[in-house]
Amino acid sequence: MAKRLVIVGAGDGGVMLANRLASKGFDITVIDKSNKHYFQPWLLHIAFNGAKEKSIEQTKLLPKNSRFMLDTVKLVDLENRKIVLSNSEMDYDYVVVDTGSFGDYSKIPGHMQLYQEFGDFHSTTEAAQRLWKKASTFAGGKAIIGSTYPIFKCPPSPLEAAFLFEELTRKRHVRSQTQITFITPFPRAYPAEPMNEIVEPIMKERGINIVTFFDVESIDPAKHTITSLEGDTLQYDFAALVPPHVGAGIVKDFCDENGFVKTDKETLQIGNFDDAYCIGDATNISTSKSGVTAHLESKIVAQRLLGIDARFDGRTNCPMEVGGHKATFVIGSYTQPVVKLKPSTFNYFLKMGMKYGAWQTLRTKMDFVMDWYFARTDPAKLNAKLNKQKSS
Amino acid sequence: MAKKVIDSRGSACPGPITDLALAYRNASIGDEIELWSTDPGVKEDAKAWAQRTGNVIESITELPDKIVVLIKIVKK
């Protein structure tokens, strides 16, 4: 009998895993509470360029011989190999958790009201449209952009928001009346030093103030102020903030205090279970919460479920736009520091190309291109090349 | 008062300072945080962080497989 594989959550990683194992003899069930799959990087462009939503039905991404269940998973019980759904329970032979990460607007007092007023570029299409409405009618004043908390999805996104907003104020001829402040809980604009050396000068050149060590403690929506744990208070007329992110917290006994699943950073197994894995944003692994990470992790788990001892090397490859149709990529791994990669127009088109190639990538039809790309941009090779250039 | 070990080994992006900032948020005055990292940048980052937040670095020890930064939370 075919082994029953249940994938909890149809995020990028879950969809890719189902496609990778479609013809490998598994009986695959994918469960998600929504039948809509969003191209999440596009929220940034909805919020700062007024772009249209990009989404597709999950069933159009999943392999035909898999089963899609529209349901809410309440609990995954690894000890008893049981999944508790809204009105039923099911068993499995293998389970892969891909439940993602979400903005938690209750962690910071006043944040929910700010979110209702300004929206953001990290949650829903409606929230991104709300932000676009504010951004596209902003008449000048104090704008605050950044992350509120150390854990969030897509580390480059707050900087991208600052660059795109700055560009928008120039296009709308309100730049001279606008003061843009970038806040971060980290010691510099981008936490990984080599990438910061690239982006901080660009921020300064564009006149974006950087306030470091600003870990948001509370927001006063009536007074329009944001206060940090470190004791500073900033005034805002416009705010685009990334919320604190948490996990779904549904894996019994194996979640940390933020609801992320305790996952082995190399094997991606949950605890010591050899029939349970976690991929994507849902893990507690100290790496970027991004689609690329989920993509690479889905390859590792697919191989492991086929009996191959594959291990995740922590590779990241996050695109970062800096405005003016230029972008860089944050490329690193567990053993390689982030590459000091300069922004280029070529990288911008690679990033934008993902908008068109996203669904085919999720169907794993683009693997031949992606594998070639990942090999070509191996961080060890890129760092060696840069070091050679530096010394010559 | 509690001591918490934060294992950030292998984390270069977003980096060990992410884990430190998070631990600080959840810590109480008097707690100790032991941060493990393989990123040499952690030494300067932890010092800058301690200076900014008014907390104390008790020691920085370089071991063959990791750098251990011991921090005492005295201010929040």
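The values are calculated or read from the model by the stated rules, or taken from the named source; none is laboratory data. Because the structure is a prediction, the values reported are computed rather than measured. Every residue, glycine as well, gets a Cβ built from its backbone with ideal geometry; the counts of neighbours run over all protein chains shown. Side chains are part of the model used for accessible areas, which takes the heavy atoms of the whole protein and leaves out ligands, DNA and RNA. Shrake-Rupley method; radii C 1.70, N 1.55, O 1.52, S 1.80 Å.
Give region A:135-152 a look and list any residue that's buried (at least 18 other Cβ atoms within 10 Å of the Cβ) and modelled with pLDDT of 95 or more, or say none. Steps first, please.
Keep residues of region A:135-152 that are buried (at least 18 other Cβ atoms within 10 Å of the Cβ), which gives A:135, A:138, A:143-152.
Within region A:135-152, A:A135, A:F138, A:A143, A:I144, A:I145, A:G146, A:S147, A:T148 qualify.
In region A:287-325, which residues are among the polar types (S, T, N, Q) and within 14 Å of chain B (Cβ to nearest Cβ)? Can you show your working first?
Taking region A:287-325 and keeping what is among the polar types (S, T, N, Q), we get A:287-288, A:290, A:293, A:298, A:303, A:316-317.
Result: A:T287, A:S288, A:S290, A:T293, A:T316, A:N317.
For region A:327-360, what are the residues that are free of Cβ contacts under 8 Å to residues at least 60 places away in the same chain, closer than 17 Å to A:L159 by Cβ and either open to solvent by 60 Å² or more (accessible area, probe 1.4 Å) or among the small types (G, A, S) (or both)?
Answer for region A:327-360, where residues must be free of Cβ contacts under 8 Å to residues at least 60 places away in the same chain, closer than 17 Å to A:L159 by Cβ and either open to solvent by 60 Å² or more (accessible area, probe 1.4 Å) or among the small types (G, A, S) (or both): A:A327, A:S344.
With A:A380, A:A358 as the choices, which residue is within 14 Å of chain B (Cβ to nearest Cβ), aliphatic (A, V, I, L, M) and part of a helix (DSSP H, G or I)? Walk me through it before giving the result.
Values: A:A358 fails: within 14 Å of chain B (Cβ to nearest Cβ).
From the options A:A380, A:A358, the qualifying one is A:A380.
Name the pairs: first residue in region A:13-26 and free of Cβ contacts under 8 Å to residues at least 24 places away in the same chain, second residue outside any helix (DSSP H, G or I), Cβ to Cβ under 7 Å, at least 6 apart or on different chains?
A:G25/A:A2
In region A:268-297, which residue that is hydroxyl-bearing (S, T, Y) and within 16 Å of the chain's Cα centre (by Cα) is most open to solvent (accessible area, probe 1.4 Å)?
If we filter region A:268-297 for residues that are hydroxyl-bearing (S, T, Y), which is where we start, we get A:277, A:283, A:286-288, A:290, A:293.
Still in the running and within 16 Å of the chain's Cα centre (by Cα): A:283, A:286-288, A:290, A:293.
Values: A:T283: 3, A:S286: 38, A:T287: 15, A:S288: 4, A:S290: 18, A:T293: 2 Å².
Applying the filter and picking the extreme gives A:S286.
Out of all the residues in region A:120-129, is one or more touching an Asp or Glu at 6+ places or on another chain (Cβ under 9 Å), in a loop (DSSP other than H, G, I, E, B) and among the polar types (S, T, N, Q)?
No.
Which residues, taken from region A:220-267, are over 28 Å from A:R130 (Cβ atoms) and buried (at least 23 other Cβ atoms within 10 Å of the Cβ)?
Across region A:220-267, the qualifying residues are A:V251, A:V261, A:T263.
If I ask for residues that are touching an Asp or Glu at 6+ places or on another chain (Cβ under 6 Å) and not basic (K, R), which ones from region A:236-267 would you list?
Result: A:P244, A:V246.
Conditions: (1) buried (at least 21 other Cβ atoms within 10 Å of the Cβ); (2) free of Cβ contacts under 8 Å to residues at least 60 places away in the same chain; (3) among the hydroxyl-bearing types (S, T, Y). A:S176 meets all but one. Number of the miss?
Result: A:S176 passes all but (1).
Within region A:99-156, which residues are under 13 Å from the mean Cα position of the chain (by Cα) and aliphatic (A, V, I, L, M)?
Scanning region A:99-156 gives a single hit, A:I151.
Could you run through region A:308-351 and say how many residues are among the charged types (D, E, K, R) and part of a loop (DSSP other than H, G, I, E, B)? Even if it seems obvious, please write down each step before you answer.
Residues of region A:308-351 that are among the charged types (D, E, K, R), as a first pass: A:309, A:311, A:313, A:315, A:321, A:326, A:340, A:342, A:351.
Subsequent filtering for residues that are part of a loop (DSSP other than H, G, I, E, B) retains A:309, A:311, A:313, A:315, A:340, A:342.
Number of matching residues: 6.
Quick check: anything in region B:19-37 more than 9 Å from every other protein chain (Cβ to nearest Cβ), β-branched (V, I, T), within 21 Å of A:E193 (Cα to Cα) and open to solvent by 10 Å² or more (accessible area, probe 1.4 Å)?
no
When region A:361-392 is examined, which residues are found to be open to solvent by 50 Å² or more (accessible area, probe 1.4 Å) and under 20 Å from the mean Cα position of the chain (by Cα)?
A:R363
I'm trying to understand the selection: among the residues of region B:39-60, which are more than 8 Å from every other protein chain (Cβ to nearest Cβ) and either within 27 Å of A:K262 (Cβ to Cβ) or in contact with a helix residue (DSSP H, G or I) (Cβ under 7 Å, 6 or more places away or on another chain) (or both)?
Of region B:39-60, the ones more than 8 Å from every other protein chain (Cβ to nearest Cβ) are B:40, B:42-44, B:46-47, B:50-51, B:54-60.
Matches in region B:39-60: B:V42, B:A46, B:V56, B:I57, B:I60.
Taking into account only those residues within region B:1-18 that are among the β-branched types (V, I, T) and farther than 18 Å from A:A189 by Cα, which is farthest from the other protein chains (Cβ to nearest Cβ)? Full working, then the answer.
So the first thing to find is which residues in region B:1-18 are among the β-branched types (V, I, T), and the list is B:5-6, B:17-18.
Filter again for farther than 18 Å from A:A189 by Cα, leaving B:5-6.
Numbers: B:V5: 14, B:I6: 9 Å.
Here the answer is B:V5.
Which of (1) in contact (Cβ under 8 Å) with a residue 24 or more places away in the chain; (2) open to solvent by 10 Å² or more (accessible area, probe 1.4 Å); (3) under 22 Å from A:V338 (Cα atoms); (4) away from chain B (no Cβ under 11 Å) does A:M203 not meet, given it meets every other one?
A:M203 satisfies all of (1) in contact (Cβ under 8 Å) with a residue 24 or more places away in the chain; (2) open to solvent by 10 Å² or more (accessible area, probe 1.4 Å); (3) under 22 Å from A:V338 (Cα atoms); (4) away from chain B (no Cβ under 11 Å) except (2).
Restricting to strands (runs of 3 or more DSSP E) lying wholly in region A:7-110: which have 1 or more residues that are surrounded by fewer than 14 Cβ atoms within 10 Å (Cβ to Cβ) and in contact with a Leu (Cβ under 8 Å, 6 or more places away or on another chain)? Explain how you work it out, then say what you get.
Working: elements: A:26-32, A:36-38, A:55-57, A:67-70, A:73-77, A:82-85, A:89-91, A:94-97, A:101-103.
So the answer is A:73-77.
Take the residues in region A:157-188 that are touching a Leu at 6+ places or on another chain (Cβ under 8 Å) and more than 12 Å from chain B (Cβ to nearest Cβ); name whichever of them is nearest to A:P319 (Cα to Cα).
Ranking the qualifying residues of region A:157-188, first place goes to A:E160.
Is at least one residue of region A:122-137 under 30 Å from A:V15 (Cα atoms) and within 14 Å of another protein chain (Cβ to nearest Cβ)? Explain how you work it out, then say what you get.
Taking region A:122-137 and keeping what is under 30 Å from A:V15 (Cα atoms), we get A:122-132.
From the residues that got through so far, the ones that are within 14 Å of another protein chain (Cβ to nearest Cβ) too are none.
The answer is no; no qualifying residue exists.
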